[in-house]
Amino acid sequence: MPRMNFVLTDMDGLFADLEGRVREIMSLEYPRVRLPRPEDRKTFYIDEQIAPEHRHLVAQIIAREGFFLSLKPIPGAVEALKMIASLDNVDLSICTSPLRDTRFCIREKYEWVRRVFGESYVEKMILTRDKTQIVADYLL
């Protein structure tokens, strides 16, 4: 029997389009705030590349009730993740970080995964602020 590979996959930005939703809301509600194009970004977090006086807007958007439930799946990513999970030698878990500044994040992430992937994936979720504490063969 082949060795099982423990694979962790992130959620936001890998198969849940957090940045796309932030961009959508920002363009509707704050059309004068300039966001960098994804290809022009030089840092990981989108709010690090907008004017300091507008950074709080991103935090306010993400902290809203319903924000995480409104994320769209990244095209092709859900199917790819399901394909990886179906491999005989893979034990896949979703490992995601809860955000501190919103009381809705954890519940909504669980609900989003339930809606998009199904109950079996909810049971395989790991929420942690420090992913380096989770031992795995691969982290996507």
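The values are calculated or read from the model by the stated rules, or taken from the named source; none is laboratory data. Small disclaimer: the values here were computed from a predicted structure and weren't measured. Ideal geometry is used to build each Cβ from the backbone, glycine not excepted, and the neighbour counts take in all protein chains shown. With ligands, DNA and RNA removed, areas are computed over all heavy atoms of the protein, side chains included. Shrake-Rupley method; radii C 1.70, N 1.55, O 1.52, S 1.80 Å.
Taking all Cα pairs closer than 8 Å and separated by 6 or more residues, the relative contact order of segment 22-117 comes to 25 percent.
Considering only Asp47, Asp130, Asp12, the Gaussian network model of the chain with Cα springs below 10 Å gives its largest mean-square fluctuation to Asp130.
Would you mind calculating the relative contact order of segment 69-140 from Cα pairs under 8 angstrom and at least 6 residues apart, reporting the percent as a whole number?
On the way: 49 pairs, mean separation 25.4, N = 72.
Across segment 69-140, relative contact order equals 35 percent.
Computed with a 1.4 Å probe over protein heavy atoms only, the accessible surface of the chain comes to 61 Å² per residue.
Comparing Glu48, Glu108, Glu79 in a Gaussian network model of the chain where C-alpha atoms under 10 Å apart are linked, the largest mean-square fluctuation is found at Glu48. Calculated mean residue ellipticity at 222 nm for the chain: -9000 deg cm²/dmol, from DSSP H runs with n ≥ 4 weighted as -39500 (n - 2.57), summed, divided by the residue count and rounded to 500. Listed by chain and number, the lysines whose C-alpha is less than 23 Å from the C-alpha of Lys109, apart from same-chain residues fewer than 8 away, are Lys72, Lys82, Lys124, Lys131.
Approximating the spin labels as points 7 Å out from Cα along Cα→Cβ, the Lys72-to-Phe6 distance works out to 3.6 nm.
Counting only chymotrypsin sites (Phe, Trp or Tyr not before Pro) that DSSP places in a loop and that have at most 14 other Cβ atoms within 10 Å, the longest clean stretch of the chain runs over 46-140. If you compute Cα Rg over 2.2 N^0.38 Å for the structure shown, which of (1) 1.06; (2) 1.19; (3) 1.13 do you land on? Computed from these coordinates, Cα Rg over 2.2 N^0.38 Å corresponds to label (3).
GNM remark for the chain: springs join alpha carbons under 10 Å apart, and the peak mean-square fluctuation among Leu87, Leu71, Leu127 falls on Leu87.
Computed extension length for Tyr138-Glu53: 26.8 nm, one decimal, from 0.36 nm per residue of separation with the Cα-Cα distance subtracted.
Test of understanding: what is the full-extension gain from Thr128 to Tyr45, defined as 0.36 nm times their sequence separation minus their Cα-Cα distance?
Working: separation 83, 0.36 × 83 = 29.88 nm, distance 1.83 nm.
Gain on stretching Thr128 to Tyr45: 28.1 nm.
The fraction of accessible area contributed by carbon and sulfur in the chain is 54 percent, rounded to a whole number (1.4 Å probe; ligands and nucleic acids excluded).
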